[in-house]
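Values in this text are rule-based calculations from the coordinates and carry no lab data. For clarity, every value in this text was computed on a predicted model and none was experimentally measured. So basically every Cβ, Gly included, is an ideal-geometry build from the backbone, and we count neighbours across all protein chains shown.
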Amino acid sequence: MPYFRTALLLAALTALFLLGGLMLGGKGGLIVALVIALGMNLFAYWNSDKVVLRMYGAREVDSRSAPALYGITEQLAHAAALPMPRLHVIESAQPNAFATGRNPEHAAMAITTGLMNSLSQEEIAGVMAHELAHVKSRDTLIMTVTATVAGTLGMLANFALFFGRGRDNPLGFVGVPLVATLSPLAAMLVQTAISRTREFEADRIGAEICGKPLWLASALGKLGDAAHRIDNNRAEANPATAHLFIVSPLHARKLDGLFSTHPSTEERIRRLREMASVAGPWG
């Protein structure tokens, strides 16, 4: 199922890319866009995780450089019956985290220094369990590929503004601003569509992995509050990656909330508290 969703998403984003090429350059633009789209899809499948980690300047850590974080994640991965993912740390004051990778065998998880410095060990465990839930559900493939391809659509918009006024443009001067507007808009709509229900499900599975829904609930409360106060400059510069994070890293610009990629933090916390109130293995 995850591979079907990914293929469907890639087909939709590729169609948008081809439409943009057609609108900008007619048949010639369509052919060029087709060649670029094929290469883009292959590259995104195999390398999108590396691109995202590099984009955020993530550095890999291990049991020697980050023993506490490694130990927590190793225990949780064992509980989830998953391979140990590669761990990365991002230098950012904003507490946040994300998971990436095309499958559990090639998974990587990244957390910010702000998260490590502001959350308790129990809350960090809740966050890591949430990210492992994305890995277990194979959400990371569609999340990371979407970030890469949606970013490419943004590049198409910039290309339209600077180079899209050629004589082969079938829509004349109207085509340029149309592509420049619709490409990033379409990318944001796709991200919004795939994100909200996925986060609720990852919260549920993550709570089951760590056995303590309130750990994740407490972490989400702190992360949501901090994300509204502390800038994440790299995320603001690359909004197509916002859906990767456990809470939205965007807040600095007026339009950041227009297409929210995450459900309400308050609703997520409410559902987790409801889980904890039900008699069961939650403690």
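Working ranking of peptides 121-131, 101-111, 226-236 by packing, defined as the average number of other Cβ atoms within 10 Å per residue, highest first, is 121-131, 101-111, 226-236. Once both labels are positioned 7 Å from their Cα atoms along Cα-to-Cβ, the gap between V35 and E267 label points is 4.5 nm.
Annotation: amide H-H contacts under 5 Å for V61 (H modelled 1.01 Å from N, sequence separation of 5 or more, or interchain): L87, H88, V89.
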